[in-house]
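Reading through the structure tokens given below for one structure.
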Amino acid sequence: MALFVFGAGATRACSFVDPQKNPCIPPLDSDFFTQLQRVRNEKHQDLLNKVIRDVVILFGTNFSVTLETVFATLEHTIRMLRTTGDTRSFKRNDLTGMRDRLLQAIAVVLEESLGAHVLTDHPDRSHYECDHHARMVNETMKSKDDIISFNYDCTIDFALKNHGSGKWNPRYGYGFELGPRGSNLTGDKFWSPVKPTEKDKTIRLLTTICG
């Protein structure tokens, strides 16, 4: 058995990343708002303009902040206002709206930088294929190996789905508590390879997010 660790930002090195073809590349915590402003799909522009406006309200016009800093600031202030009540400067509902828009913006940036459908009006869940991930799952990883990923996206999940036959079973590989008769988990069939392996033989994928 082997342990594979995908550090935060590993997707930035994927084979499909080419700023000449798609200027919005997989984001890092430090440059998330740069990538946000490179989104080309017009349907998202209203949301993106509102998110940038929100960050300007919080940090000023020449802001230089990370995604984690903005999200943590919003979460902390919302929790504080639950105790102290609204102030003249900030209303809890306004900050909650900022947080919700930021979460939507994260999804937009991931869709733009990772999805093969980015300029269509009918998005599906297609995902760019990374040759490096595919080769690793095909040629290097074996049953019962463990993966720890510090990435927001599902690049390794798609590689396991597409190339993990006989090695990967998402029902058991994520380590979720399934509950009575497995009722706590749904949607795992989408992530299954053609031939999912047995429960005690699957690769295990553990995902954590850190800044």
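The values are calculated or read from the model by the stated rules, or taken from the named source; none is laboratory data. These numbers were taken from a predicted model, which means no experiment stands behind them. No Cβ is skipped: glycine too gets one built from the backbone with ideal geometry, and neighbour counts run over all protein chains shown.
So the values come out like this:
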| item | result |
| --- | --- |
| Matching residues, segment 28-42, being in contact with an Asp or Glu (Cβ under 6 Å, 6 or more places away or on another chain) and within 17 Å of D54 (Cβ to Cβ) | V39 |
| D29 modelled with pLDDT of 95 or more, acidic (D, E) and surrounded by 15 or more Cβ atoms within 10 Å (Cβ to Cβ) | no |
| Of all residues making up segment 160-200, the number that are over 14 Å from I147 (Cβ atoms), under 21 Å from the mean Cα position of the chain (by Cα), of a type in the set (S, T, N, Q) and surrounded by 10 or more Cβ atoms within 10 Å (Cβ to Cβ) | 2 |
| Meets criteria (closer than 30 Å to E68 by Cα, touching a Ser or Thr at 6+ places or on another chain (Cβ under 6 Å) and either among the charged types (D, E, K, R) or modelled with pLDDT under 95 (or both)) for T186 | no |
| Qualifying residue in segment 143-151 (condition: in a loop (DSSP other than H, G, I, E, B), among the charged types (D, E, K, R), modelled with pLDDT of 95 or more and in contact with a strand residue (DSSP E or B) (Cβ under 7 Å, 6 or more places away or on another chain)) | yes |
| Residues that are over 23 Å from E112 (Cβ atoms), in contact (Cβ under 8 Å) with a residue 40 or more places away in the chain and touching a Phe, Trp or Tyr at 6+ places or on another chain (Cβ under 8 Å), drawn from segment 45-79 | none |
| Qualifying position, being under 17 Å from the mean Cα position of the chain (by Cα) and not small (G, A, S), among D153, D145 | D153 |
| Extreme residue, modelled with the highest pLDDT, among residues of segment 94-120 that are within 13 Å of C24 (Cβ to Cβ) and assigned to a loop (DSSP other than H, G, I, E, B) | G115 |
| Segment 42-73: number of residues that are in a helix (DSSP H, G or I) and within 19 Å of L28 (Cα to Cα) | 11 |
